[in-house]
Every structure is written in C-alpha cells, then in structure tokens.
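Report on the structure given below.
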Amino acid sequence: MTENLTWHPHQITPDERRAHKGHGAAVLWFTGLSGSGKSTIANALEQKLHQAGVHSYLLDGDNVRHGLNRDLGFSDDDRVENLRRVSEVAALMADAGLVVLTAFISPFRSERDAVRQRLPEGQFIEVFIDTPLAECERRDPKGLYQKARAGTIRQFTGIDSEYQAPEQPDVHLRTDQLTPEQCAERLLAALRERGVIG
C-alpha cells in the first residue's frame, strides 16, 4: 500500500511557523495512573499557556475515545493502537507549531518511547504525574477503581494490568508534594528552559 504513496513536502518551514506564532512547538506527554491528576494539571497548564498567548491544544484520553478512537477497547493491542493514533495527531499538531498537551495513562514504556522517536529531537517532553496508587484509589473520581476491585472492569491499569513508570522522565511531578497550580508552574518553567516559550 505505501508503495503508491508519496510524501508531499511543505513549503512553510518549522522555523517560519515558530516566527509566525512567536514560540516553538512541543508535545508534553502526561503519563500516570487513572486519577493521578493528568487532566487536571494539563488543563491548568493550558490555561496558563492561553493567558501567555501560546497556541496550544489538549488531547485528553477520554475525549479522544469519544471520537477518533471510539472503535477501540482496552486490550493491550487496542491500547497500543490508541496511542499510535494519538501520537500521529499530536505530531501533526506540533508540526503546525502548537504546544500539544496529551493526558493518557500510556502504561507501557515501549509506547512512550515510540512516540518520542516519532517526533523531532527535543520536541517530546515526557511528564510523569507520580501519584501513589492508594491516593488514586482514594480519589477514584470516575469510580473505576471500585469497579476494577469488584471485577466488573478487567485489564484496569494498576490493578490487573501493569503500569510501567517512566525511568527517566523529562519532568517528574509528585502530586503528594505539589498542588496542580505548582505543577503547572513547573511545566511552564520547563518549557522556558527548553526554549519552547519565552
């Protein structure tokens, strides 16, 4: 199939997009257990980026499964395909010059490494939202842990499906030590340090 496809080069370069928008592009890949605070922190960061005039977009795991990935379940194969699709969308958005925030459990290191390899050097920023399982279960905002413990949900990450924590994340946020606001501020600082935003 790919032998009949030809890559069509863009006339506008990434540097031109950066100059037009006034900032660089990046993909911040939020990973952590369900209930760890990924979406909350990503939303807080997106608000700060918007206030600073930075063009951004948040891809949230549940939201994407309502549309683009509504045909996928939660088997290991479906999880891999879920993230493959999301990584392609995130890469396109970053190519357009956006700062992309993605909030997905993304439990396997190999999946996250594949996303990093898909993007230009330095554009992928792995953000580990490190929250103890006991705290995630205590919060249980969607009631999913209770269902998983009762056996009504199978292959639930952290209960009967493995979560492989990042070994060397680009940004490591301990939510038992930081508020969502503080986490968002640290991420803004990380973007400044990398020269993505001014």
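The values are calculated or read from the model by the stated rules, or taken from the named source; none is laboratory data. Predicted, not measured: the structure shown is a model, and the values here were computed from it. Glycine also receives a Cβ, built like all others from the backbone with ideal geometry; neighbour counts cover every protein chain displayed. Quick note on the areas: whole protein, heavy atoms, side chains included, nothing else; ligands and nucleic acids left out. Shrake-Rupley method; radii C 1.70, N 1.55, O 1.52, S 1.80 Å.
Could you name every one of the helices (runs of 4 or more DSSP H) located completely within the stretch 110-196 that has at least 1 residues being under 26 Å from SER87 (Cβ atoms) and in contact with a Phe, Trp or Tyr (Cβ under 8 Å, 6 or more places away or on another chain)?
Once the helices (runs of 4 or more DSSP H) in the stretch 110-196 are filtered for at least 1 residues that are under 26 Å from SER87 (Cβ atoms) and in contact with a Phe, Trp or Tyr (Cβ under 8 Å, 6 or more places away or on another chain), what remains is 133-139, 144-150.
For the stretch 105-147, which residues satisfy the criterion of being basic (Lys, Arg) and open to solvent by 20 Å² or more (accessible area, probe 1.4 Å)?
ARG109, ARG116, ARG118, ARG138, ARG139, LYS142, LYS147
Would you tally the residues in the stretch 160-178 being in contact with a Leu (Cβ under 9 Å, 6 or more places away or on another chain) and either of a type in the set (Phe, Trp, Tyr) or modelled with pLDDT under 90 (or both)?
Selection size over the stretch 160-178: 1.
List pairs: first in the stretch 165-182 and among the small types (Gly, Ala, Ser), second outside any loop (DSSP other than H, G, I, E, B), Cβ under 8 Å, 6+ apart or cross-chain?
ALA165/PHE128; ALA165/ASP130
Which residue is modelled with the lowest pLDDT, if the candidates are limited to the stretch 78-104 and must be open to solvent by 40 Å² or more (accessible area, probe 1.4 Å) and either of a type in the set (Val, Ile, Thr) or not in a helix (DSSP H, G or I) (or both)?
VAL80
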